[in-house]
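Enquirer: One structure coming up, written as structure tokens, with questions to follow.
No value in this document is a laboratory result; all are computed from the given coordinates. Quantities reported herein were computed from a predicted structural model and do not represent experimental measurements. Here the Cβ positions follow ideal geometry from the backbone for every residue, glycine too, while neighbour counts run over all protein chains shown.
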Amino acid sequence: MTKRNRIFVGILLAYAIGVALLMWRLLGDIDPRYRESAEESLVETAHLMASLVEQQSPDGAIDPALLKPVFRALYARPVKADIFGFKKTRIELRVTVVDRSGRVLFDSQGRHEGEDFSQWRDVRLALAGEYGSRTTPDVAGEPSTSVMYVAAPIRVRNEIVGAVSAAKPVQSFGQFVEAARRKTLLVGLTSVVAVILLAVILSAWLVRPFGVVADYVRYVRRQRSFSLPRLSRRAFRAVSAAYDEMRDALAGRNYVADYVQTLTHELKSPLSAIRGAAELLHEPSMPEADRRRFVGNIERETQRIQELVDRMMELAALEQRQSLDKPVPVSLKPLLEELVASAEAAGAPRRIVVTLDAPADAQVDGDAFLLRRAIGNLLDNALDFSPSGARVTLSLVPRGRCVDVTVRDHGPGIPDYADDKVFEKFYSLARPHSQRKSTGLGLAFVKEIAELHDGRASLRNAEGGGALATLSLPRAAH
């Protein structure tokens, strides 16, 4: 096996073991989480039913007659629910009422009335005033028929006179567990394929130095006479080329790792919010107002993820460009006038006034579209941090061989702890009027555009309050 193949197999095995352990842990954790959620719902149902029975038993004699017509009508009631693609067509809740000795007084399915349930764990503990739960299969030896039970005591004048056991087949939420497992496996397999491609590229890059040594040995063997200067020059060029390739490979690898780690961290919060809302929406008894609120949360967090991905793709494409393809002279004053007109419309709802201070025009060599995006981002930032009724000033300041485009707002300014972080990817401060954060990529985008134009971008607190953003660009050569 060649060195390249050994490196490739080693990387792949290390990753495969890591992914296998992670997937094993995740897949094993899915079922308990769903069971916990179902059990929590059964706890509330059992206590609700116990309270209803208590209301009908003021003298301590349990009379479950009220429950029989209720459950008869409940089981006959048509159900058509579409829960994230899963069709629910019947009621699967079971309720059992027992007296203080554990004898069944009422069974919603009519199968166990008169039987002694005192030996069952949930009933025994509930009659003792403790929390009782169990999971038992309907058919012995067949786990697929398992039913989850939770019991609550019936109290009359602070005396336990019976218990109510609420139950639900495990299979009713098992379909959600299987769907979650399939999705988790799909994510794992997708990541494996992606890393295999990355491993192929890395193995090709990292074994290049070994190939350089082999090439040099073959070169020496072909020489008819010994010449130390010639061999030294060849060795120096080979080592220099190998070092450059290895440096670029390691830098690229660290860059990708940093990107993935940061992006994963940023996606964790909205994904957690979406997952939490989705789990709560499974509750059949959720009020409609709460259901609409959680659906709105899912839509809002999904839009946040979409915006983050779109901006990441734009920034990644921009970072791949080493220089501008065909820079042309760009007149800044007309460009700033267009941006001010757009910013005035954006600031109108909060009565923010946007003014332009550009006594004279100036030209720079560059890309008009990218410059418009960079200055537009600075203006958007200023509008977001400006209070209602404030003023934002866009200025054009020629300065020797450079020209500065500045954006001044009168917002809260930059906190001391954020002074050196504002241009970092994904770093963002909460907007004063909405308390929401942006993707944290706008200023990083401005910085990349400035460097493509051989300029620089800066952001600092202005005298008298507010912030002052500056885009410095070299003037066009005449």
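Enquirer: Give the order of Lys80, Lys333 when sorted by the count of other beta carbons within 10 angstrom, beginning with the fewest. Can you show the working numbers first?
Expert: Working: Lys80 7, Lys333 14.
Listed from fewest to most nearby Cβ atoms, that is Lys80, Lys333.
Enquirer: Stick to the Cα atoms of region 18-175, pair each with every other, and give me the Kirkwood hydrodynamic radius in Å at one decimal.
Expert: Result for region 18-175, one decimal place: 16.8 Å.
Enquirer: On a 21 Å Cα-Cα criterion, which of the cross-link pairs Lys88/Lys168; Lys87/Lys183; Lys80/Lys168; Lys326/Lys421; Lys68/Lys168; Lys183/Lys425 come out too long?
Expert: Lys326/Lys421; Lys183/Lys425
Enquirer: Next up: Can you pull the percent of Cα pairs in region 347-478 with separation above 21 Å?
Expert: Of all Cα-Cα distances in region 347-478, 39 percent exceed 21 Å.
Enquirer: Once the dipole of region 362-478 is set up with Lys and Arg at +1 and Asp and Glu at -1 on Cβ about the Cα centre, which of Phe423, Ala368, Thr470 lies farthest towards its positive end?
Expert: Ala368
Enquirer: Please report, in debye to the nearest 20, how large the charge dipole of region 328-474 is about its Cα centre when each Lys and Arg carries +1 at its beta carbon and each Asp and Glu carries -1 there.
Expert: On the way: 17 positive and 19 negative charges, 80 e Å.
That gives region 328-474 a dipole magnitude of about 380 debye.
Enquirer: OK, next. For region 38-64 and region 334-401, what is the separation of their Cα centres, given in Å?
Expert: Here the answer is 66 Å between Cα centres.
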